[in-house]
Amino acid sequence: MADFDALFDEYSDKVYGLAYRLMGNRDDAMDISQEVFVKIFRNLKAFKGESAMATWIYRIVYNTCMDELRRRKIKQVSIVDKPDLVDDNISVEEIYEADERKKAVHNALYKLDDDQRAVIVMRDIQGLSYEEIADVLQCPLGTVKSRLSRARLNLKEILKDYMELFDEVDV
């Protein structure tokens, strides 16, 4: 039980963060996180150490999220849940602009297909290495790199139209 408690303490924020970014909202991320830790608890003794513990856990999170998204056959879109704490020296316009840009990026992520969103989240948000992502997704390193490249190009294209529109609006 102590091993599980230590794992929970070390990985609970990481599990929730990945689940949140893949699912798109807090409630789903909480449900997925709970389901993931139940799976970890049930299978911890079966973990053979063939990969890093983090990779094994991320794979469980990824598979659980993808299973849920397949069950729903819809993509979740949500807005940023709460604004960041702000500096008194920042104007209301700057706060609004930053919030709008954050919402645009967040929503643009959910316009990508699940595989592309997953590699962007794991690499650019969670900071996993290409090799770790390949282990989690159980695919070749080249596939990870090409998916990430396509995902970044698609994300850039999705955001390009929004940013042009946003820059035309006088805040």
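Between the range 104-158 and the range 1-65, what is the C-alpha centre distance in whole Å? Rounded to whole Å, the Cα centres lie 19 Å apart. Percent of Cα pairs in the range 1-76 per distance bin of 5 Å, from zero to the largest separation: 3, 17, 29, 25, 15, 8, 4, 0.
If the chain between MET30 and VAL92 were fully stretched, how many nm would it gain, using 0.36 nm times the residue separation less the Cα-Cα distance? Mind dumping the intermediate values first?
Working: separation 62, 0.36 × 62 = 22.32 nm, distance 3.21 nm.
That pair, MET30 and VAL92, stretches by 19.1 nm at full extension.
The modelled label-to-label distance between SER129 and TYR162, using points 7 Å beyond Cα along the C-beta direction, is 3.2 nm.
Past 18 Å, Cα to Cα, is the threshold; run LYS111/LYS160; LYS48/LYS145; LYS14/LYS103; LYS14/LYS45 against it and keep the listed order. Check vs 18 Å cut-off fails for LYS48/LYS145; LYS14/LYS103; LYS14/LYS45.
Read the figures in this text as sums done on the coordinates, not as results from a lab. Quick caveat, the model's predicted, so the values are computed rather than measured. Here Cβ is always computed from backbone atoms with ideal geometry, including for glycine, and neighbour counts include all displayed protein chains.
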